[in-house]
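Below is one structure, written out as C-alpha cells; comments come after it.
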Amino acid sequence: MKILRTVKDLKEFTLSLKNEGKTVGLVPTMGALHAGHISLVDRAVADNDATIVSVFVNPTQFNNPADLATYPRNEQADFELLEKANATAVFAPSVEEIYPEGESEQTHVFDLGSVAEVMEGKFRPGHFQGVAQIVSKLFRMVEPTYAYFGEKDFQQVAVIRRMAMTEGIDINIVSCPIKREDDGLAMSSRNVRLTESQRATAPGIYAALKYSLEYSQAHSVAATHDTVVERINALPKCEVEYFSIVDGITLQPIEEWTDSEYIVGCITVYCGDVRLIDNITYRK
C-alpha cells in the first residue's frame, strides 16, 4: 500500500492508474477508522481495480473548535487497517498541503440547495460548505470512477450528490449501509470518546428508532416523532438535539405518512458531550 502525502504525488499516482486503464474507487475519511469505514473500503476494493482512501481531518467542516480539537486521530492504526483491507493507496496530507496560504478561508460558495439547509445545516452553520470544499477537492484530485460514503451520514450523502451535480463533476457516488455494533449503536469515530456509562446507554438511541418502526404503523408522524424523543431523553446523559422525519430525497419534513413513498428519520443526540447521529428508514 502506497502512502501519499502531497497533492502532486496523488495526482501522479492516479494518472498512472488511469494510463493503465484501471478503475479507481475513492473512500474519503477523516481517519479514526473503524469497521464501518472498512466496509466502504471492502466495497471499493470489490468494485474497482484500485482503491484510494483519504485520511484527513478537515478543519473547514468543524463549526465548533472544541469538536475539531477532540476529534480522535490515530494514523498508524488507520494505515494498518487499510493495508489489511487491501487498499491500494492512502492519501494522508497535512492541512497546509490541502489549504496552502490560508486557503481554508471559504471563497467559493457552493450551491447546495435546500438539502443542506435543514437538520445538520441548521444546527451546524457552514458545516456542509466545508464538506463540499474538501470533497470537491478530492474528487478533482483523484477523478475516481466511484466514490463511497456511509449512510450513517445520510444528509451528507445528499449534499455531496448535489455538490457534484452543481459543480459539473461526473462521478458515481455510492452510498453504503450503516454498520452497527452488536448492541445496535451506529459505528462512529466519536464512539471512542464515550465514557463506560455513556457507552452502555448509547445503544438506546437505535433501540428507540427501531421501536418507532412498528409504532409508526398505527400512529401519526407527530406522535412517532414525540415517542422517539421522549424515549431517548429518558436515557441517562442523553439529550436529543433534533429528530426530523423527512422525505428521503428532498430531506424536507413530512407531516403525513402519505406525503412520500420514501421516508427517513434522522436524529442527532448528545450523549454527555459526545454528538452522535443515526437514522432509520420508515418507508421505501
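When restricted to residues that are at positive phi and modelled with pLDDT of 95 or more, the stretch 223-259 contains 1. A count restricted to the stretch 135-147 and to residues that are surrounded by fewer than 20 Cβ atoms within 10 Å (Cβ to Cβ) and part of a strand (DSSP E or B) stands at 1. Kindly establish whether Thr224 is surrounded by 19 or more Cβ atoms within 10 Å (Cβ to Cβ), of a type in the set (S, T, N, Q) and not assigned by TED's automatic domain parsing to the domain that holds Met30. The answer is yes for Thr224.
Does Asn279 fit the bill of being polar (S, T, N, Q), in contact (Cβ under 8 Å) with a residue 60 or more places away in the chain and under 30 Å from Val142 (Cβ atoms)? So Asn279 fits the description; yes.
Within the span defined as the stretch 207-214, one or more residues are surrounded by fewer than 15 Cβ atoms within 10 Å (Cβ to Cβ), touching a strand residue (DSSP E or B) at 6+ places or on another chain (Cβ under 9 Å) and at pLDDT 95 or above. The listed residues are Ala69, Ala44, and the only one of them that is farther than 24 Å from His127 by Cα and out of contact with any helix residue (DSSP H, G or I) (no Cβ under 8 Å at 6 or more places or on another chain) turns out to be Ala44. Residue pairs whose Cβ atoms lie under 6 Å apart, separated by 6 or more positions or on different chains, with the first residue in the stretch 48-71 and over 11 Å from Thr88 (Cα atoms) and the second of a type in the set (D, E, K, R), are Val55/Asp78; Asn63/Arg124.
Can you find even one residue in the stretch 98-113 that is of a type in the set (Phe, Trp, Tyr), within 20 Å of Arg5 (Cβ to Cβ), surrounded by fewer than 19 Cβ atoms within 10 Å (Cβ to Cβ) and in contact (Cβ under 8 Å) with a residue 24 or more places away in the chain? Yes - at least one qualifying residue is present in the stretch 98-113. As a summary of the residue check, Ala132 satisfies the conditions (1) surrounded by 15 or more Cβ atoms within 10 Å (Cβ to Cβ); (2) without any contact (Cβ under 8 Å) to a residue 60 or more places away in the chain; (3) of a type in the set (A, V, I, L, M, F, W, C); (4) farther than 30 Å from Ile3 by Cβ except for the one numbered (4).
Taking the stretch 129-162 as the range and being among the aromatic types (Phe, Trp, Tyr) and over 11 Å from the mean Cα position of the chain (by Cα) as the test, the residues that pass are Phe139, Tyr146. In the stretch 273-283, of all residues being within 19 Å of Asn63 (Cα to Cα) and not hydrophobic (A, V, I, L, M, F, W, C), the one that is surrounded by the fewest Cβ atoms within 10 Å (Cβ to Cβ) corresponds to Asp273.
The values are calculated or read from the model by the stated rules, or taken from the named source; none is laboratory data. Computed from a predicted structure; not experimentally measured. Neighbour counts are summed over all protein chains in view; Cβ atoms, including those assigned to glycine, are modelled from backbone coordinates with ideal geometry.
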